[in-house]
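Below is one structure; the comments refer to it alone.
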Amino acid sequence: MGEARVNMIVVREFDPRKDGVGVEDVERRCEVGPGGKLSLFTDLLGDPICRVRNSPAFLMLVAEIGEEIVGMIRGCIKTVTCGKKLSRTVKNNYSYNVINNNDLSKPVPVYTKVAYILGLRVSPSHRRMGIGLKLVHQMEDWFRQNGAEYSYIATENDNHASVKLFTDKCGYSKFRTPSILVNPVFAHRVPVSNRVTVIKLTPYDAELLYRRRFATTEFFPRDIDSVLKNKLNVGNFLAVPRGSLKSGSWAGSDNFLSDPPESWAVLSVWNCMDVFRLEVRGASRVKRTFAKTTRVVDKALPFLRLPSVPAVFRPFGLYFMYGLGGEGPRAAKMMKALCGHVHNLAKESGCGVVVTEVANREPLKLGIPHWKMLSCAEDLWCIKRLGEDYSDGSVGDWTKSPPGLSIFVDPREF
């Protein structure tokens, strides 16, 4: 009987003209949090594919039995950095090819086509029927058809059902454990050090800076220009010590990189508020009242700069900081100034929180303000090699590579 029901399951591409109501119904059924505990819920603002829509290639599948939608999955494909190799410049000296002693070996990125799975949902009344497994397998078939070499997923470390599905049944292995850092947006503006100058970069300057300095960072997207030019990109910001620019003012990334200051930091900001809204449910009346009181006091007396709990118990938006990088002994202090600047932008836009995701060993982590009670110390990324006929290339099998100090989290799929 169970096998017969599995055979009745049809997996097909999502049709926005007729599947919207059914998909929303499954999402709503899956939004049942654990009793007596706080739970985070997502409102996709009526667009089921909003979290993959901005990716280079994407697909959403639904599973149905009869005419009832009982599950769904989203996936996207992009080209990212999976490692680096040394490139040696060779110059021609008269009729002989010689390597100039002044030429240094320079690391260049090694790219691969990677797929990402997200938004897997199965209606509670239809679980333990193999629907999730069938959705994953069919999505992986699409990945392979489009040349993806690897597939990865992100889930909570304590989501045992999800971890078990992917590691035990789908052949994924635990790969990276980045940290999601969340900072509330207060009713008051956060002071930014007057010893730091914050410069807003054009998409062109930001792209040049990222490609020159961070292209070898793991998961760096080769189409970074598309990310920076997207309408959801709020801006790109560089922090330097005041008075440290050699020309006295910003003269473009070329000039900056030819003679950078001792310390600097950079980041970009993505507007998730126009893509989805979040809401915390399950809080007691006491917690709600306390949170509201802190906001009232903060709003009435902003000069005191008192920390306040944001209005997370009703739908709220967020700004996501990505592309965090920097150099020098004071880079973390430059990053702190940038985070303060972004907080103030988020306040003006009505966001509830500012979020970022970084590698566990990220050196700039010390400069990123966040509340531990709102953050996730260890997200879990699992990865799978989709085909054994692919070349090992310059980095070998990526799934077996050790983690680096930094990781690039693409805002399009956060």
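Quick rundown of the values:
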read-out	value
Rg(Cα) / (2.2 N^0.38 Å) computed for segment 179-377, rounded to two decimals	1.07
Sequence-distant lysines (8 or more away, or on other chains) whose Cα lies within less than 22 Å of LYS336	LYS200, LYS347, LYS365, LYS372
The chain, accessible area per residue, ligands and nucleic acids excluded (1.4 Å, Å²)	51 Å²
Where only alpha carbons of segment 173-292 are counted, the Rg and the Dmax (Å)	18.7, 57
Rounded accessible area of THR42 (nearest 10 Å², 1.4 Å probe)	60 Å²
Accessible surface of the chain [probe 1.4 Å, protein heavy atoms]: carbon and sulfur percent	52 percent
Helix-derived mean residue ellipticity, 222 nm - over the chain, DSSP H n ≥ 4, -39500 (n - 2.57), to 500	-7000 deg cm²/dmol
DSSP H segments from the chain that extend 24 Å or more along their own axis, Cα-based, with Kyte-Doolittle mean of -0.5 or above	331-349
Prolate/oblate/rounded call for the chain, Cα gyration tensor, a/c under 1.5 rounded	oblate
Cα Rg, Dmax (largest Cα-Cα span) when computed across segment 314-371, Å	12.0, 41
Value of relative contact order over the chain, rounded to a whole percent, pairs C-alpha under 8 Å and six or more apart	23 percent
Heavy atoms of SER349 accessible to a 1.4 Å probe, total area in Å² rounded to 10	50 Å²
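The values are calculated or read from the model by the stated rules, or taken from the named source; none is laboratory data. This is a predicted model, so every value here is computed, not measured. Ligands, DNA and RNA are stripped out before the accessible areas are found, and what is left, the full protein with its side chains, is counted by its heavy atoms. Shrake-Rupley method; radii C 1.70, N 1.55, O 1.52, S 1.80 Å.
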